[in-house]
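Everything on this sheet refers to the single structure shown next.
The values are calculated or read from the model by the stated rules, or taken from the named source; none is laboratory data. Small disclaimer: the values here were computed from a predicted structure and weren't measured. Backbone-built Cβ (ideal geometry, glycine too); neighbour counts: all protein chains shown.
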Amino acid sequence: MRKQVFLSKEAFLRSKRLGKRNMRLLLVLHILFLMTYMASGLYAMNKLFQEDFVLRYCFMAVIELILWLLADIMVWIASSKGRLVYFAVNIISLYGCYYLWQIFQFPLENLLDQSIRLLFVLAYFGKTLLLFCCGLQFYQEPICYVWQRYERKRVDAEKEDQLMIDKLLKANEEAHQKRRSNYRIAKRAMKNMRIYTMLLVAVIYGGLLLFYLGGFVCKMIFQNDVLAMDYAQRFVLLTSLFSALIWSLPTILLFLNHAFARLSVVVVWGLQAFYYMKEATSVVQVIQHEHYSWLCLLVIVLFESVRIGCLWRLTHTLWKDPFLKVYWKLKKAEG
């Protein structure tokens, strides 16, 4: 039986348009995250294992990506079976557990290689859980309105506003007097979170492309030091891939208006700092061993400083946003 919609027609159509916009933005983030995850996984496989195993993994990854694209297209056009296909593909993607079992059959003596293998396993389970949570959003308001039809109900405007406010804030009796101001704060906070989401996408995924192209520009300018520029370009690309993968978590949590988004920013900054500390000595050793010019190090520091500076400025503004602080306090009070 179809769920009844207790909204006026204008409010229902407005919610449906908002749901469709949120759904399509979530699908774009979904595809970007998948491509980053698979590119990072391919790098890890190529670094750790034999070529035939890597080719099998690459083939299965392409098949999985095609299935995800099919599911996303069906959800994008609001097909009646789209959400079921999405969860079916999520279940099919569990075939990766077979590869997780296989990669532990290969003996790895290097501590760094063992760490990369462990990170790959953690990233796989994180990816599966994150995509499952994204699928649940298709059944939540306002996205769920995309698959519903309007059924006429006589609801006056005051009752409609009351239902929307109570649904969002679930305020107790003591906070009932302030429900309208809380609703305006929550609405402003959600708007800000959409803006921060788009800016994060632009920084992590746009920077991934721009800095990689910047490496080609450096090779054209410094033609006498091509090998050093090759190394700098490769390092920036791998670092950008790692950053795009870990920053996808707070990006998606922000899009979902999840209270954990604020804490996830701190966790991701910790991972980012650990990665830089681990790679710093490695970069210096490679430059000295291969006799690269120190211009290589300068290019790496310049590119990374720009990207990290943008991320720091954006996340600092997000952390200090007063509307988000109040919104997450209200969410926490709801339990």
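Among the listed residues 275, 205, identify the single one that is among the hydroxyl-bearing types (Ser, Thr, Tyr), touching a helix residue (DSSP H, G or I) at 6+ places or on another chain (Cβ under 7 Å) and under 30 Å from residue 141 (Cβ atoms). So the residue among 275, 205 that is among the hydroxyl-bearing types (Ser, Thr, Tyr), touching a helix residue (DSSP H, G or I) at 6+ places or on another chain (Cβ under 7 Å) and under 30 Å from residue 141 (Cβ atoms) is 205. Name the residue that is farthest from the chain's Cα centre (by Cα), counting only residues in the range 216-236 that are without any contact (Cβ under 8 Å) to a residue 40 or more places away in the chain and buried (at least 16 other Cβ atoms within 10 Å of the Cβ). By that ranking, first place goes to 219. Summed over the range 93-108, residues that are within 28 Å of residue 24 (Cβ to Cβ) and either surrounded by 14 or more Cβ atoms within 10 Å (Cβ to Cβ) or basic (Lys, Arg) (or both) total 2. Taken over the range 251-288, the criterion of being part of a helix (DSSP H, G or I) and in contact (Cβ under 8 Å) with a residue 60 or more places away in the chain is satisfied by 251, 252, 254, 255, 261, 262. Of all residues in the range 297-330, those satisfying the criterion of being of a type in the set (A, V, I, L, M) and closer than 19 Å to residue 204 by Cα are 299, 300, 301, 302, 306, 308, 311, 314, 318. Among the numbered criteria (1) in contact with a Cys (Cβ under 9 Å, 6 or more places away or on another chain); (2) within 20 Å of residue 210 (Cβ to Cβ), which one does residue 238 miss? Here residue 238 clears every test but (1).
Please enumerate the residues belonging to the range 14-51 that are farther than 22 Å from residue 73 by Cα and of a type outside the set (D, E, K, R). Result: 40, 41, 42, 43, 44, 45, 46, 48, 49, 50.
Restricted to helices (runs of 4 or more DSSP H) entirely inside the range 1-94, those with at least 3 residues that are in contact (Cβ under 8 Å) with a residue 60 or more places away in the chain and assigned by TED's automatic domain parsing to the domain that holds residue 138 are 9-48.
Test residue 77 against the stated conditions and say whether it is surrounded by 13 or more Cβ atoms within 10 Å (Cβ to Cβ), modelled with pLDDT of 85 or more, over 18 Å from the mean Cα position of the chain (by Cα) and of a type outside the set (Lys, Arg). Here the answer is no, as residue 77 does not meet what is asked. Could we say that residue 123 is within 20 Å of the chain's Cα centre (by Cα), within 30 Å of residue 145 (Cβ to Cβ) and assigned to a helix (DSSP H, G or I) here? For residue 123, the condition - within 20 Å of the chain's Cα centre (by Cα), within 30 Å of residue 145 (Cβ to Cβ) and assigned to a helix (DSSP H, G or I) - is not met.
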